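The values are calculated or read from the model by the stated rules, or taken from the named source; none is laboratory data. Predicted, not measured: the structure shown is a model, and the values here were computed from it. Using ideal geometry, Cβ is built from the backbone for each residue, glycine included, and neighbour counts are taken over all protein chains shown. For the accessible areas, the whole protein counts, side chains as well, though only heavy atoms, and no ligand, DNA or RNA atoms are used. Shrake-Rupley method; radii C 1.70, N 1.55, O 1.52, S 1.80 Å.
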Amino acid sequence: ERKHLMIGLTICTTIAASVLINRYRSRQHDNIPMLAPDEYQPIRGHLSALIATRDLTNSVHEWMVKHAQKANWPSISCISRPPNKRLVLVIHPIYAKHIFETCFESAIKDDDLTQRFEELLGEGIFAVNGEKWKFHRKIASRMFSHRNLKNYMFDVSIENVKRLMEKLNAFDQKSVDFNDLLGRFTLDTFCEIAFGQTIGSVSSYPDCNTFGTAFDDMVERSSRRSTDILWKLKRSMNVGEERVFHENHQVIKEFVENILRKKNEYSSKMADESGKQSYDILSLYLKHDPNLSTKALYDISLNFIIAGRDTTRMLLSWWLYELCQSHNQRIVDQLYAEIDAFEREPTFSDFNHSFDYLEATLCEALRLHPPVPFLGRTCVQDIALPKIDGASPSYTIRPDDLILVCNYVMARNPNVWGADAAQFKPERWEKGLSTFDQYKFSAFNINPRMCLGKNFAIQEAKIFGYYFLKHFAFAMLPGHQVQIKGGAILNIKNGLPIIVKLRQK
């Protein structure tokens with residue numbers, strides 16, 4: 001009887017395991033071609049290849065570029081991983097427009113994404129759909145009214161850039177980690193604008209910035225959860241990567257909760273559209289809904305800190321990276337010529353209507369190094385894609401497919417940007433930021449989720465670029481090789497050490 005029982009248990013276990021494997025194993029898409037078929041495994045799909053990119057010099061973004069190039073740049077393709085998850089990769093603007101704009105209600109932010117990024121996004125503007133998203137969007141748009149931007153955001157940006165220049169004066173002919181320092185600058189600037197509070201993190205450089213370090217690590221670990229089917233169990237047990245994640249989360253919580261505690265002690269100088277009353281961003285929300293919970297205000301604050309800190313920070317980091325490349329010296333010389341030809345103190349109007357070549361270089365840095373390399377949605381009903389030029393096959397995205405518009409890969413697609421797609425070429429941007437539509441150049445997302453602060457981000461970057469080039473010469477620390485850090489943000493893994501030198505007046 002004991003023997004029979006063991007045989008029965010073995011048979012039941014085998015059947016159960018077979019059922020589970022069959023249910024959760026990776027599967028090929030029924031009509032969208034596979035990317036990297038040579039790295040696909042019957043059960044694990046592309047999981048092994050995706051995990052391997054964590055330990056390589058080149059990131060998952062470069063892995064996708066390599067295989068897209070090998071496949072002659074397919075406009076759409078698919079990779080898969082357990083548990084039975086298909087990732088549809090889009091690298092053509094026609095498909096991007098159709099999915100994100102035309103079929104807006106059919107592609108949403110789903111529970112899988114919100115759970116993986118729960119500690120960072122909560123129920124803020126970047127994680128919700130429907131009426132909740134409309135509520136956030138309506139209030140957030142008031143921050144970027146023309147009056148606010150002209151009278152306050154511009155002044156705060158100028159003040160913080162000048163503080164940053166003073167800090168850099170102390171590092172004449174020394175190496176500075178600009179990826180770190182720029183994160184402090186954008187954090188200081190946005191917290192003063194949005195919450196009326198001076199953080200002062202630039203002044204503490206090079207001492208450790210605990211918020212920035214913890215936040216960057218959380219972004220990377222949140223993305224890693226997508227390839228770890230046991231992450232929820234690890235979180236509940238507080239072990240492995242989830243233990244480190246929890247420790248970082250406590251740092252973030254303390255930082256944001258401190259902002260909330262001080263809310264009533266500080267008052268932002270921003271005027272609302274009528275110009276009659278002052279509001280910080282939390283006050284704008286409370287005016288619309290006085291019953292917002294502390295948790296809701298926490299989520300609002302952290303979402304806006306993320307938006308205000310990282311877009312401009314990574315734009316400027318990658319801009320400096322490109323300008324440090326020896327083959328771009330002609331571009332640097334042209335930038336200095338433009339800046340040096342301007343001999344008076346620039347005004348708000350100057351930064352919006354002048355410095356065309358500076359703006360072109362910033363746009364090109366955004367194109368090649370988009371701060372958000374993937375725009376993600378989950379399909380909730382069949383999306384039939386249009387044919388491109390009437391020649392491509394008919395493709396249909398299926399429910400539960402994770403859709404990724406791959407900004408980083410699309411920027412290198414010669415079918416979209418021409419044979420010189422991979423080159424840093426500011427001359428593309430004849431009309432500045434408005435040269436290309438949001439589908440071809442989707443670094444600021446796609447309507448109706450277009451980034452509300454895109455013009456402010458470019459203005460802030462131009463202010464930094466002008467004063468930095470006016471005062472400093474610069475070069476990458478010899479021998480340093482920049483590497484991409486994994487995660488939802490196109491961050492730099494090993495810092496951006498640049499030697500600065502005060503220019504002769």
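Can Thr53 be described as modelled with pLDDT under 85 and surrounded by fewer than 16 Cβ atoms within 10 Å (Cβ to Cβ)?
no
Which residue, of Phe424, Phe456, is open to solvent by 10 Å² or more (accessible area, probe 1.4 Å) and assigned to a helix (DSSP H, G or I)?
On inspection, the qualifying residue turns out to be Phe456.
Has segment 119-135 got at least one residue that is within 20 Å of the chain's Cα centre (by Cα), open to solvent by 10 Å² or more (accessible area, probe 1.4 Å), under 19 Å from Leu286 (Cα atoms) and of a type in the set (S, T, N, Q)?
no
Just wondering, is there one or more residues in segment 83-93 that are assigned to a loop (DSSP other than H, G, I, E, B), open to solvent by less than 20 Å² (accessible area, probe 1.4 Å), among the aliphatic types (A, V, I, L, M) and touching a residue at least 24 places away in the same chain (Cβ under 8 Å)?
Yes.
Within segment 439-452, track down each residue that is over 16 Å from the mean Cα position of the chain (by Cα) and buried (at least 17 other Cβ atoms within 10 Å of the Cβ).
Tyr439, Lys440, listed by residue number.
Here are Gln197, Gln173: which of them is open to solvent by 70 Å² or more (accessible area, probe 1.4 Å) and not charged (D, E, K, R)?
So the residue among Gln197, Gln173 that is open to solvent by 70 Å² or more (accessible area, probe 1.4 Å) and not charged (D, E, K, R) is Gln173.
Output the residue which, of all residues in segment 23-37 that are modelled with pLDDT under 70 and open to solvent by 80 Å² or more (accessible area, probe 1.4 Å), is farthest from Pro82 (Cα to Cα).
Arg23
Looking only at segment 40-69, how many residues end up being in contact (Cβ under 8 Å) with a residue 24 or more places away in the chain, outside any loop (DSSP other than H, G, I, E, B) and either farther than 19 Å from Pro373 by Cα or of a type in the set (Asp, Glu) (or both)?
3
I'd like the residue in segment 258-270 that is more than 11 Å from Gln197 (Cβ to Cβ) and open to solvent by 70 Å² or more (accessible area, probe 1.4 Å) and, out of all such residues, is modelled with the highest pLDDT.
Within segment 258-270, the match that is modelled with the highest pLDDT is Asn264.
The rows are residues; the columns are (1) in contact with a Ser or Thr (Cβ under 7 Å, 6 or more places away or on another chain); (2) within 27 Å of Leu113 (Cα to Cα); (3) without any contact (Cβ under 8 Å) to a residue 24 or more places away in the chain.
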residue: Phe185; (1), (2), (3): no, no, no
residue: Tyr205; (1), (2), (3): no, no, no
residue: Cys208; (1), (2), (3): no, no, yes
residue: Asn238; (1), (2), (3): no, yes, yes
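Scan segment 94-124 residue by residue and report those that are assigned to a helix (DSSP H, G or I) and among the aromatic types (Phe, Trp, Tyr).
Tyr95, Phe100, Phe104
If a residue must be crowded, with 20+ Cβ neighbours inside 10 Å and at pLDDT below 95, how many such residues does segment 314-350 contain?
0
For the condition modelled with pLDDT of 95 or more and surrounded by fewer than 20 Cβ atoms within 10 Å (Cβ to Cβ), what is the one hit in Ala475, Ala461?
Sole residue among the options that is modelled with pLDDT of 95 or more and surrounded by fewer than 20 Cβ atoms within 10 Å (Cβ to Cβ): Ala475.
Do we find that Lys501 is of a type in the set (D, E, K, R) and over 29 Å from Glu345 (Cα atoms) in this structure?
Against the criterion (of a type in the set (D, E, K, R) and over 29 Å from Glu345 (Cα atoms)), Lys501 does not qualify.
Quick one: count up the residues across segment 401-429 that are charged (D, E, K, R), farther than 30 Å from Glu131 by Cβ and touching a residue at least 60 places away in the same chain (Cβ under 8 Å).
4
Look at segment 290-305 and say how many of its residues are open to solvent by 50 Å² or more (accessible area, probe 1.4 Å) and part of a loop (DSSP other than H, G, I, E, B).
3
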